[in-house]
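The next block holds one structure in the form of structure tokens; read it before the comments.
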Amino acid sequence: MNQETSTSSATSPQPRGRSAFLIADPKQRLARAAEKRKKVLALLRDEIWTVTEVVAMLLGVKYAAAHALLKNMQRDDLIVSRSMFIKGSRGAKQVTLHGITPTGLAYAWDLNETTCQRQPWEPGKTNPLFVPHQIETQIARIRAEQNGWQNWTPARLLMNRGLPKLPDAEAKDTHECRIAIEIEREIKTDRRLEAVVGAYISEMKINQRWTRVDYLCPDADFAARLARNFGRLKQLRLESNGKTSSKTGKLEQAHLDRFRFYAADQWPTGNFITAKKVEK
């Protein structure tokens with residue numbers, strides 16, 4: 001006799017294993033499954049595609065449970081799944097992506113919600129080179145939302161808004177401040193950093209769109225080195241239509257204070273580093 005059908009007294013031995021954690025009421029099980037689907041579709045309506053590991057993190061379940069849910073969603077034509085090989089430091093690795101379908105988009109908003117125009121996933125248009133970066137951005141999103149951040153908007157939904165610098169995402173923190181988020185894995189040249197700082201500071205001063213920029217780095221050592229590079233800059237450089245301009249301005253400590261550098265696993269509530277201007 002399993003837990004779902006048992007009518008024995010409270011003193012009876014409790015069953016062990018998976019059945020001990022099942023919800024007894026079929027209606028509650030269905031409601032729970034529907035809630036999980038809703039969370040996945042809400043993610044996919046913005047992110048278009050994801051991977052099983054991200055879904056497991058989103059739902060707070062193990063990989064096997066996330067995999068089973070995605071298989072059921074695929075069966076019901078809410079998502080489509082495709083595998084591709086992603087190049088890494090240890091060679092190519094096969095990764096399965098799960099993308100939203102037209103049917104999935106139809107169910108991605110409740111009937112009382114205002115829908116937004118979105119396109120279903122087209123696997124052939126997904127560049128394998130960008131997949132690892134997008135996965136890291138999605139992981140950052142889940143960390144932020146689990147810590148009370150709201151209104152996460154990925155880069156693809158910020159395009160065509162005339163922004164001088166397109167961050168990997170933006171979101172509002174627990175103080176209702178809009179923060180630009182950068183997933184940084186490479187050290188850029190000083191000239192490029194001057195343009196990055198110039199673009200962000202310009203947008204902050206003119207349109208007050210962002211309060212600050214958070215850089216999420218592979219580890220604390222990388223974050224410290226990136227902050228040091230910001231601190232040694234002598235000027236900020238403005239861009240026009242994505243092209244570096246010859247127009248420059250003096251870089252002040254107040255500008256650098258708008259940038260924070262985190263080890264990714266410490267963001268958004270852990271320790272961060274700020275850049276200190278180097279005077280010579």
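Descriptive notes on the structure:
- Within the stretch 159-175, tally of residues that are under 23 Å from Gln138 (Cβ atoms) and in a loop (DSSP other than H, G, I, E, B): 10
For every residue, the table says whether it meets (1) touching a Pro at 6+ places or on another chain (Cβ under 6 Å); (2) modelled with pLDDT under 95; (3) farther than 20 Å from Lys38 by Cα; (4) surrounded by fewer than 11 Cβ atoms within 10 Å (Cβ to Cβ).
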{"position": "Gln74", "(1), (2), (3), (4)": "no, no, no, no"}
{"position": "Asp77", "(1), (2), (3), (4)": "no, no, no, no"}
{"position": "Arg90", "(1), (2), (3), (4)": "no, yes, yes, yes"}
{"position": "Leu97", "(1), (2), (3), (4)": "no, no, no, no"}
{"position": "Tyr107", "(1), (2), (3), (4)": "no, no, no, no"}
{"position": "Gln134", "(1), (2), (3), (4)": "no, no, yes, no"}
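- Here the strands (runs of 3 or more DSSP E) wholly within the stretch 176-280 that include at least 1 residues being within 25 Å of Gly162 (Cβ to Cβ) and of a type in the set (Asp, Glu) are 178-183, 212-217, 235-240.
- Any hit, the stretch 96-106, residues being aliphatic (A, V, I, L, M), part of a helix (DSSP H, G or I) and free of Cβ contacts under 8 Å to residues at least 24 places away in the same chain: yes
- Taken over the stretch 136-177, the criterion of being of a type in the set (Gly, Ala, Ser), in contact with a strand residue (DSSP E or B) (Cβ under 9 Å, 6 or more places away or on another chain) and surrounded by fewer than 19 Cβ atoms within 10 Å (Cβ to Cβ) is satisfied by Ala155 alone.
The values are calculated or read from the model by the stated rules, or taken from the named source; none is laboratory data. Since we're looking at a predicted model, the values are computed, not measured. Neighbour counts run over all protein chains shown; Cβ positions are idealised from the backbone, glycine included.
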